[in-house]
Every structure is written in C-alpha cells, then in structure tokens.
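Novice: Just dropping this structure here.
The values are calculated or read from the model by the stated rules, or taken from the named source; none is laboratory data. For clarity, every value in this text was computed on a predicted model and none was experimentally measured. All Cβ positions, glycine included, derive from the backbone under ideal geometry; neighbour counts span all protein chains shown. For the accessible areas, the whole protein counts, side chains as well, though only heavy atoms, and no ligand, DNA or RNA atoms are used. Shrake-Rupley method; radii C 1.70, N 1.55, O 1.52, S 1.80 Å.
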Amino acid sequence: MSRDDVLELLRPPAHRAPLIAAGAVLFTVGIVLEEQRLDEKLPLGVHLLLIGAAAALLLGIALLSPLDGGRPSPSQSVLLVCGLLLFWLALIRLSQVLGGDADPSAGTITWTSLVLAAVAAYPARARNSAIATMITAVALGVAVLAAAQWLFGPVSITAYRWLLLVLALICVLASLAVRGSRPRDGELLVITGGLATLAIPVIAAIQVLLPFGGDEELLPAFWELVALAAGCGLIAYGAVDRVPGAAWLGVAHLAAFLVVVNAGAEETLLWWPLVLLLLGGGVMVAGLRPRHPLPPEPAGYSVDRPLASRTDDER
C-alpha cells in the first residue's frame, strides 16, 4: 500500500466521521483498561508502542481530515481529545522506559504536561481547535502546580489555592484577548479558569464528604468568598453569553460552597446565611422597585421652508 493510499484512509468521508468518533471513544477506553489490567504482564516497551500507535492513529485522522467551515467538526474534536489523552499516557510510559518510577513524580508530571501542551497547541493554532486550546491551558496549569512541588518540595494547601486562583485569572484575561477573533476559544478558556477555582472548594469538600479526608481546616472565609463569587460569575456569564457549560460549572461551585460552609456550622443565621439573604433580597428589591414614568415626548413642530428648497413631492 502506497503512502497516498494510507493518507486516503486517514481522510474518511464526512458522513462517516460521527461513527469513527464513537468508535474512537470506545477504543480509547479499551486502551486504558488494557493498560490497567496488563500493567505488569507486558514489557514497558510494548506498552509504549501500543499507546503511541493508538495516539498516532487518532491524531492522524483528526489532523488530516478536512475542516468544517475553517474549524474542526465535533467528530474531529472528539478524535483530538482521545488522541491527546493517549499521547499523554504514552509520555508517562516513556518516562517509565527511561527509568522513572511506576507512579509519576512531580517532575515527570511537569515535563509530560509541558510536552502535551506544546503538542496540543499545534491543532489549537493551525486547525482553530477550541478544545485543543482548552487542553493546552489545562496542561500548562497542571505543569505549574506540579512544578511548584518539584522545585520547592511539599507545598501547603494555601499555596496551591493561590496558584489555582492566579491560573484562573490568567485564563479569564486570555479569554478576553481572544473573545473577538476566536469566541469559542474564549468560552472554553473561561471554563478552564472555572475548573481551577472549582478545585479550591472541591478539595475542601472532600474532607467533609469522605471519612478519610483528613482533619485539616476547611476553607477560610476568603476562599469561601472566592468560590461563591466564581460560581455566581460563571452562572451570569453562561446566561448572558449562552454558554451552558459555564453555567453548570457555576452550579457546581455553589454546591461545593454549600457543602464547605455547612460543615460544622452552628444553627444560626450568622454569617453567610444572613449576608446572602440581605444581599440577594436587596438586589431583588432594586430590580422590582417602582418605575418612574418617562417624561412626555416633545410636541411636534414644523418649520416652513422656502418653496425653492422643497422637493417636488413636498410642493
């Protein structure tokens, strides 16, 4: 089979793209299960070849298929997500082949995430893929968090919270920069920032919901405020710009906020219940206040113009 024949196979017709994407999802799940069950049964080199070949196949189909109106179709986006996920797993296997531990260290997560971000940046720019932009942002965020532990040793939970907040703000600023030229990329960057802020209350909520979550102090008031503000902001953004994903992410923020705030709370309206009742009620009253009648429109008037300045229809 010639090179042109192989490339032709990797460019399926458009009507088959959804079927191929559905198969790619099942294929990816199967590869992950194979890696888990045969982890110690096969040599590391065989694992690397299997995952690498699968990632190359899915990414090849996604990158060689024609674009739909200058952007990847939903099916191509699914292939990109599956291919990049397998590519990251292949990088983890490569680190083990090179002598790394079975459990990825902070250094391994740092360099594999940076490589993943660099690879995902190509379809993000060359193919106008919004989902690839989001994967790039997530991979860079994971690299920053892992690098903090790799370079400075064990980092406190407060430091991680500040890093997550800074990453969220960077994503929001980046979304504003691409909002006009690439609106879909801007939407997913906002969602990426929301994932960063959601991690703050979720980590604290795990301590409440799970018996082995630990005895560390839950969220201080400032971080509770961050979770509340991020949740309300995401819901407002999702409603105004019609981005359902951002709205649902905002609901998740508020759910985690409720779990953390109610943990060990006394049976009293102080402080969050009272603050929210007063703030929410005040906003509603401001919106429902009586409207003042508008001033009457000025009475019409006419100006007599010279006959010479009138048109034929006005004479």
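Novice: So Val29 ticks every box in (1) buried (at least 19 other Cβ atoms within 10 Å of the Cβ); (2) among the β-branched types (Val, Ile, Thr); (3) modelled with pLDDT of 90 or more but one. Which box is left unticked?
Specialist: (1)
Novice: Here is a follow-up. How about the range 105-119: which of its residues are touching a helix residue (DSSP H, G or I) at 6+ places or on another chain (Cβ under 7 Å) and more than 17 Å from Ile51 (Cα to Cα)?
Specialist: Ala106, Gly107, Thr108, Ile109, Thr110, Leu114, Ala117
Novice: Look at the range 200-246 and say how many of its residues are open to solvent by less than 30 Å² (accessible area, probe 1.4 Å) and at pLDDT 85 or above.
Specialist: 13
Novice: Go through the range 127-164 and give me each residue that's over 30 Å from Leu64 (Cβ atoms) and assigned to a loop (DSSP other than H, G, I, E, B).
Specialist: Once the filter is applied, which keeps residues that are over 30 Å from Leu64 (Cβ atoms) and assigned to a loop (DSSP other than H, G, I, E, B), the range 127-164 yields Gly153, Pro154, Val155, Ser156.
Novice: Can you find a residue in the range 33-42 that is at pLDDT 90 or above, within 22 Å of Ala132 (Cα to Cα) and either open to solvent by less than 80 Å² (accessible area, probe 1.4 Å) or assigned to a helix (DSSP H, G or I) (or both)?
Specialist: no
Novice: May I ask you to list pairs of residues, at least six apart or on different chains, whose Cβ atoms are under 6 Å apart, with the first in the range 98-126 being free of Cβ contacts under 8 Å to residues at least 60 places away in the same chain and farther than 15 Å from Val138 by Cα and the second being among the basic types (Lys, Arg) and open to solvent by 50 Å² or more (accessible area, probe 1.4 Å)?
Specialist: none
Novice: Considering the range 117-126 alone, what residues qualify as being out of contact with any Pro (no Cβ under 9 Å at 6 or more places or on another chain), under 16 Å from Leu67 (Cα atoms) and surrounded by 20 or more Cβ atoms within 10 Å (Cβ to Cβ)?
Specialist: Passing the criteria: only Ala124.
Novice: Here is a follow-up. Quick one: would you say Leu249 is touching a helix residue (DSSP H, G or I) at 6+ places or on another chain (Cβ under 6 Å) and modelled with pLDDT of 85 or more? Walk me through how you get there before you give the answer.
Specialist: Values: touching a helix residue (DSSP H, G or I) at 6+ places or on another chain (Cβ under 6 Å): yes; modelled with pLDDT of 85 or more: yes.
Spelling it out, Leu249 is indeed touching a helix residue (DSSP H, G or I) at 6+ places or on another chain (Cβ under 6 Å) and modelled with pLDDT of 85 or more.
Novice: Restricting attention to the range 76-105, and to residues there that are open to solvent by less than 20 Å² (accessible area, probe 1.4 Å) and small (Gly, Ala, Ser), which single residue is nearest to Arg182 (Cα to Cα)?
Specialist: Ranking the qualifying residues of the range 76-105, first place goes to Gly83.
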